[in-house]
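Have a look at the structure below, then the notes.
The values are calculated or read from the model by the stated rules, or taken from the named source; none is laboratory data. All of these numbers come straight from a predicted model, not from anything done at the bench. No Cβ is skipped: glycine too gets one built from the backbone with ideal geometry, and neighbour counts run over all protein chains shown.
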Amino acid sequence: MGELTDKVKGTANEAIGKVKQQSEDPATKAEGEAQETKGDFQKAKGEVKGLFGDKL
């Protein structure tokens, strides 16, 4: 179950990050880049859990 949760959260963070990057405000753009990166890592975490199970 954790695998799917991480993948969904990662996808959501990526999407929100991409929207924030469209802002004219530099601080919001930077926040969007960070949030998109966080989403990438969450999705990767979900992939690893899928390979090894939820034992991690």
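Applying the selection to the range 1-43, what residues are among the hydroxyl-bearing types (S, T, Y) and under 28 Å from G53 (Cβ atoms)?
Just the residues of the range 1-43 that are among the hydroxyl-bearing types (S, T, Y), to begin with: 5, 11, 23, 28, 37.
Across the range 1-43, the qualifying residues are T5, T11, T37.
Looking at A30, A15, just one residue is part of a helix (DSSP H, G or I) and over 14 Å from the mean Cα position of the chain (by Cα), and that residue is A30.
Scanning the range 1-18 for residues that are of a type outside the set (S, T, N, Q) and either free of Cβ contacts under 8 Å to residues at least 12 places away in the same chain or surrounded by fewer than 16 Cβ atoms within 10 Å (Cβ to Cβ) (or both) returns M1, G2, L4, V8, A12, A15, K18. L56 passes every criterion in (1) surrounded by fewer than 13 Cβ atoms within 10 Å (Cβ to Cβ); (2) at pLDDT 95 or above apart from (2). Within the range 19-39, no residue satisfies the criterion of being loosely packed, with under 15 Cβ neighbours inside 10 Å and either in contact with an Asp or Glu (Cβ under 6 Å, 6 or more places away or on another chain) or touching a residue at least 40 places away in the same chain (Cβ under 8 Å) (or both).
Among the residues making up the range 33-56, a single one is among the hydrophobic types (A, V, I, L, M, F, W, C) and in a loop (DSSP other than H, G, I, E, B): L56.
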